[in-house]
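Read through the structure below, which is laid out as structure tokens, and then see the notes.
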Amino acid sequence: MRGVLLFTALVLFTSQPTPATEPGQQEPSLLKVAIPKTDDRIPLLSEPQWIIPAQNLPPTFHLEKSNNCVTIAKHQGRLFTAWRSAPTHFASDQTKMFIMSSPNEGKTWDEEKIISLGSDVREPSLVSFRGKLIFSFFQGEANPFTFAPRRMLRTIRDEKGSWSDLSAFGPPGEVPWEMKVFQNQLYMTSYSGDHYSAGMSNIEVHFNVSKDGMVWRPANEKIPVVYRGGVSEVGFDFSDDGTLWAITRNEDGDSSGWGSHVVSSGHHGIDAWEFPKRSDPARFDSPRMFRHRGDLYVIARRNLAGAFDRGFAFLPVVIRKWVNLVYYSFTLKRTALYRLDRATRQMVWLFDFPSAGDNAFPSIVQTGADEFLVANYSSPILQKDDSWITGQLSSRGTGIYLVRLNF
């Protein structure tokens with residue numbers, strides 16, 4: 001059924017004009033997007049530093065047009081960046097992962113590793129943990145009309161700068177989403193199951209923990225699956241009292257509806273996860289959560305057309321699911337910063353990042369008590385009227401930038 005959506009997009013896309021701009025080649029006036037600081041709980045946003053594509057990349061890096069799925073980490077005094085590069089947003093056997101590092105915040109870059117498996121690769125994550133730099137991702141089939149994860153893979157960088165051979169971890173078909181260090185342990189949300197199925201989905205969400213970054217187990221051995229239904233991506237963090245808070249992407253729908261859930265669980269996620277009876281009809285794609293001085297924030301994709309769930313309660317649920325998906329693909333998107341109001345369990349929109357067309361796969365690193373470095377990808381920001389699917393298929397591609405949040 002995902003193929004139906006992509007085929008529809010391809011037909012409609014052929015009539016789109018092709019402006020001359022590319023990522024990183026923006027008008028200077030559009031780069032001046034700094035948000036004035038009016039509230040200590042609303043950070044100041046810097047202007048973007050476009051790093052991909054750029055003239056200072058390692059000479060062995062030969063990029064495709066679509067550069068997305070970015071992850072960053074600070075490790076041993078260097079800034080590490082990894083990302084997916086492919087002809088379009090969709091699966092391809094030409095997809096590669098590039099890893100590079102910089103000793104000077106991106107003024108110069110050194111090659112670390114190129115991963116090319118002749119298949120699709122996505123959802124990269126760089127984590128500095130217990131002296132190791134761990135890079136993980138999932139390998140999928142190369143067919144652009146399906147979503148078919150094969151396995152999770154990882155490689156470890158040693159103190160001398162060498163990367164280990166790729167090794168598989170976790171059950172086949174599982175997809176990693178967010179990894180986070182909290183109180184000397186590494187936590188991960190992941191999912192598995194029939195995503196984008198023709199009928200109602202039965203996706204399993206997992207919440208695992210590791211003491212060494214290598215061996216994973218469920219945070220609660222008695223609850224190896226914290227959710228079943230239409231949720232895939234789950235962004236999470238912990239409040240000061242150790243309560244887990246999370247935001248879900250309920251794209252495939254479940255008995256609560258479609259859109260998203262704000263979820264909580266006591267004792268570092270060990271308690272049963274508390275889901276609302278009804279989904280928020282808004283959808284927050286690629287959610288990443290972070291903590292600052294007692295508040296929790298989320299960076300995620302925002303739909304300018306409003307709710308993901310269009311209603312249509314008179315339709316059979318399977319048809320309603322695909323109406324939501326198709327409509328959503330042809331609307332405008334931005335990457336946005338939200339504050340999570342835990343009292344009301346609502347996402348409070350603060351502002352948008354520079355973004356247009358295809359955008360939103362944020363990665364966040366805290367660089368000071370009140371400063372965070374954020375990486376993200378976007379279509380050329382001049383293309384503000386491009387729909388999500390237009391950006392995903394456009395020959396203009398997508399680029400990657402860094403911005404800073406200062407509270």
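The values are calculated or read from the model by the stated rules, or taken from the named source; none is laboratory data. Note that the structure is predicted; figures quoted are calculated from it, not measured. Virtual Cβ from ideal backbone geometry, glycine too; neighbours counted across all protein chains shown.
How many residues does region 311-331 hold that are outside any helix (DSSP H, G or I) and either out of contact with any Phe, Trp or Tyr (no Cβ under 9 Å at 6 or more places or on another chain) or at pLDDT below 95 (or both)?
6
If you check Phe135, Phe145, which single one turns out to be among the aromatic types (Phe, Trp, Tyr), touching a residue at least 12 places away in the same chain (Cβ under 8 Å) and in contact with a helix residue (DSSP H, G or I) (Cβ under 9 Å, 6 or more places away or on another chain)?
That would be Phe145, the only listed residue that is among the aromatic types (Phe, Trp, Tyr), touching a residue at least 12 places away in the same chain (Cβ under 8 Å) and in contact with a helix residue (DSSP H, G or I) (Cβ under 9 Å, 6 or more places away or on another chain).
For region 84-113, name all the residues that are out of contact with any Cys (no Cβ under 6 Å at 6 or more places or on another chain), surrounded by 18 or more Cβ atoms within 10 Å (Cβ to Cβ) and part of a strand (DSSP E or B).
Ser85, Ala86, Lys96, Met97, Phe98, Ile99, Met100, Ser101, Glu112
Considering each residue of region 50-83, count those that are in a strand (DSSP E or B), among the hydroxyl-bearing types (Ser, Thr, Tyr) and within 23 Å of Ile156 (Cα to Cα), and give that number.
2
For region 383-407, which residues satisfy the criterion of being surrounded by 24 or more Cβ atoms within 10 Å (Cβ to Cβ) and closer than 30 Å to Arg293 by Cα?
Those that are surrounded by 24 or more Cβ atoms within 10 Å (Cβ to Cβ) and closer than 30 Å to Arg293 by Cα: Ile400, Tyr401, Leu405.
For region 57-80, give me each residue that is surrounded by 18 or more Cβ atoms within 10 Å (Cβ to Cβ), among the polar types (S, T, N, Q) and closer than 18 Å to Val181 by Cα.
The answer is Thr71, and nothing else.
Quick check on region 114-129: of everything there that is hydroxyl-bearing (Ser, Thr, Tyr) and either closer than 19 Å to Pro362 by Cβ or touching a residue at least 40 places away in the same chain (Cβ under 8 Å) (or both), which residue is surrounded by the most Cβ atoms within 10 Å (Cβ to Cβ)?
Ranking the qualifying residues of region 114-129, first place goes to Ser125.
Of (1) closer than 30 Å to Lys277 by Cα; (2) β-branched (Val, Ile, Thr); (3) modelled with pLDDT of 95 or more, Ile364 satisfies all except one. Which?
Going through (1) closer than 30 Å to Lys277 by Cα; (2) β-branched (Val, Ile, Thr); (3) modelled with pLDDT of 95 or more one by one, Ile364 breaks only (1).
Answer yes if at least one residue in region 198-207 is under 26 Å from Val365 (Cα atoms), touching a helix residue (DSSP H, G or I) at 6+ places or on another chain (Cβ under 7 Å) and of a type outside the set (S, T, N, Q), and no otherwise.
Yes: region 198-207 contains one or more residues that are under 26 Å from Val365 (Cα atoms), touching a helix residue (DSSP H, G or I) at 6+ places or on another chain (Cβ under 7 Å) and of a type outside the set (S, T, N, Q).
Restricting the search to region 241-261, which residues are on the phi < 0 side of the Ramachandran plot, surrounded by fewer than 21 Cβ atoms within 10 Å (Cβ to Cβ) and in contact with a helix residue (DSSP H, G or I) (Cβ under 9 Å, 6 or more places away or on another chain)?
Asp241, Thr243
Could you tell me which of the residues Arg334, Arg339 is out of contact with any Phe, Trp or Tyr (no Cβ under 6 Å at 6 or more places or on another chain) and among the charged types (D, E, K, R)?
The unique qualifying residue is Arg334.
Looking only at region 262-281, which residues are within 17 Å of Phe182 (Cα to Cα) and either surrounded by fewer than 17 Cβ atoms within 10 Å (Cβ to Cβ) or touching a Lys or Arg at 6+ places or on another chain (Cβ under 8 Å) (or both)?
Once the filter is applied, which keeps residues that are within 17 Å of Phe182 (Cα to Cα) and either surrounded by fewer than 17 Cβ atoms within 10 Å (Cβ to Cβ) or touching a Lys or Arg at 6+ places or on another chain (Cβ under 8 Å) (or both), region 262-281 yields Ser264, Gly266, His267, Asp271.
Against the condition of a type in the set (A, V, I, L, M), in contact with a strand residue (DSSP E or B) (Cβ under 8 Å, 6 or more places away or on another chain), under 30 Å from Ser255 (Cα atoms) and in contact (Cβ under 8 Å) with a residue 60 or more places away in the chain, how does Met200 come out, does it pass?
yes
Tally up the residues in region 167-196 that are in a strand (DSSP E or B) and either among the hydroxyl-bearing types (Ser, Thr, Tyr) or modelled with pLDDT under 95 (or both), please.
6
If the Cβ limit is 7 Å and pairs must be 6+ apart or interchain, which residue in region 320-338 that is free of Cβ contacts under 8 Å to residues at least 40 places away in the same chain pairs with which residue that is hydroxyl-bearing (Ser, Thr, Tyr) and crowded, with 22+ Cβ neighbours inside 10 Å?
Listed by first residue and then by second, the contacts come to Arg334/Ser355.
Would you check which residues across region 308-333 are surrounded by fewer than 21 Cβ atoms within 10 Å (Cβ to Cβ) and under 25 Å from Thr398 (Cα atoms) and list them?
Residues satisfying the conditions are Leu325, Val326, Tyr327, Ser329, Phe330, Thr331, Leu332.
Taking the condition within 29 Å of Ile223 (Cα to Cα), modelled with pLDDT of 95 or more and either more than 21 Å from the chain's Cα centre (by Cα) or not β-branched (Val, Ile, Thr) (or both), does Ser279 pass?
yes
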